[in-house]
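Asker: Can you read through this structure? Questions will come right after.
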Amino acid sequence: MDFHHISVMPEETIAGLITAKDGIYVDCTLGGAGHSSLIAQQLTPEGHLIGIDQDTAAIAAASERLKDYPCRIDIVKSNFSQLDQVLSDLNVPHVDGFLFDLGVSSHQLDTAERGFSYMQDAPLDMRMNQQAQFSAYDVVNTYSLEELNRIFKEYGEERWSKRIAEFIIDARSEKPVETTGQLVDIIKKAVPAAVRNAKGGHPAKRIFQAVRIEVNDELNILEKTFRSAIAHLKPGGRIAIITFHSLEDRIAKNVLKEMASGCICPPQLPVCMCHHKPEIKLLVKGKAASHKELEQNSRSKSAKLRIAEKLPAKWD
């Protein structure tokens, strides 16, 4: 199928990101190049766009979509956790802007055989990097009760985490859980009917989110990568981060808040001992999609946009 993904808050994001039309910009979550094509439209032939993605389908779609723009374009198949290495390989020490559009793409959700969606029956997969060996099948069929309970609670914020984990352990003792449909059925059996029938979305939504995050190690790499990106920014350069759930947004918010702060000493200390200086200035603090966009793209409902600007090194 064609690579389909509707970029969230595209105008607001690009308007807040681009500061130099001949600058260097890195889209760390290239996808189908929705945001990147808008960046490329803004750049002169002297500009440079770098796109990073680990999904083979995304790389192919983005390469086709970006082929006719006049600026220099480099598309790299990698995980953005390898940002330092990617920039080193391209001999790019300093950057004018970084974009992170986190989470799963519409294409990945809508391509049934990728196993991301609880709405379509498919093999348990959920790998963003299709060459990776570790998949949702491994999580569901090899993790202990304690490990399943932990990721369901931490990454899915699921109230019934332990009960769902127990039902999975029982089910796989008879035969492996091989498909998304089988996992959904187990979750439905584990969650009490009164809870399933109450408003609050599909009972499998949080479990699928948790398994996907575990498979792709989505949260553990965020803080380090955000800090690395800011370290590579030129003074006046910007970082834009779009999040889709509270866990990743909390990490983005906390990192940006700390890096925008002066003293970070414990409040009980009478004088500052850390001598911490702000590295960035917060420009956009958790902007939500407009009502018009929500009507056109329901998946933008939980999105939040944060933008920060790198301060000069001697800023005081």
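Asker: Give me the number: length gained by fully extending Ser228 to Glu147, i.e. 0.36 nm times residue separation minus the C-alpha to C-alpha distance, one decimal in nm.
Answerer: Extra length from Ser228 to Glu147 when fully extended: 26.2 nm.
Asker: What translational D, rounded to a whole number of µm²/s, comes out for the chain from Stokes-Einstein when the hydrodynamic radius is the Kirkwood one over Cα pairs, at 20 °C and 1.002 mPa s?
Answerer: Approximately 102 µm²/s, per Stokes-Einstein.
Asker: Let me ask you something else. Against the longest alpha carbon principal axis of the chain, how many degrees, from 0 to 90 and to the nearest 10, is the axis of helix 161-174 turned?
Answerer: 60
Asker: Output the 0 to 90 degree angle, nearest 10, between the alpha-carbon long axis of helix 180-190 and the longest principal axis computed from the alpha carbons of the chain.
Answerer: 70
Asker: Here's another thing I want to ask about it. Here are some pairs, Lys67/Lys304; Lys67/Lys301; Lys205/Lys253; Lys162/Lys205; Lys67/Lys234; which of them have Cα atoms lying more than 21 Å apart in this structure?
Answerer: Checking Cα-Cα distances, Lys67/Lys304; Lys67/Lys301; Lys205/Lys253; Lys67/Lys234 exceed 21 Å.
Asker: In Å and whole numbers, how far do the C-alpha atoms of the range 1-124 stretch along each principal axis, longest first?
Answerer: On the principal axes, the range 1-124 reaches 47, 29, 24 Å in Cα extent.
Asker: Taking the Cβ-Cβ separation of Cys274 and Asn254 as r and a Förster radius of 22 Å, what is the calculated FRET efficiency to the nearest 0.05?
Answerer: The value I calculate is 0.85.
Asker: Follow-up question, since we're still on this one. Averaged over all directions, how much area does the convex hull of the C-alpha atoms of the range 97-163 cover when projected, in nm²?
Answerer: That works out to 6.2 nm².
Asker: Using only Cα atoms, find the angle between the long axis of helix 56-66 and the longest principal axis of the chain, and express it within 0 to 90 degrees, rounded to the nearest 10.
Answerer: It is inclined by approximately 40 degrees.
Asker: Moving to a separate point now. Tell me, what is the Rg over Rh of the range 94-214, with Rh the Kirkwood radius over Cα pairs?
Answerer: Rounded to two decimals, Rg/Rh equals 1.01.
Asker: Just the C-alpha atoms of the range 190-316: what Rg/Rh do they give, with Rh taken as the Kirkwood radius?
Answerer: My calculation puts Rg/Rh at 1.09.
Asker: Running a GNM on the chain with Cα contacts under 10 Å, which residue among Leu247, Leu66, Leu99 ends up with the highest mean-square fluctuation?
Answerer: In the Gaussian network model the winner is Leu247.
Asker: If the elastic network links every pair of Cα atoms under 10 Å, which of Val191, Val215, Val95 fluctuates the most in the Gaussian network model of the chain?
Answerer: Greatest mean-square fluctuation among the candidates belongs to Val191.
Asker: Given that compact globular proteins tend to follow 2.2 N^0.38 Å, what is the ratio of the alpha-carbon Rg of the range 72-134 to that value?
Answerer: 1.44
A short reminder: the numbers here are calculations on the coordinates, not readings from a lab. Predicted, not measured: the structure shown is a model, and the values here were computed from it. With ideal geometry, Cβ positions are generated from the backbone for all residues, glycine too; neighbour counts draw on all protein chains shown.
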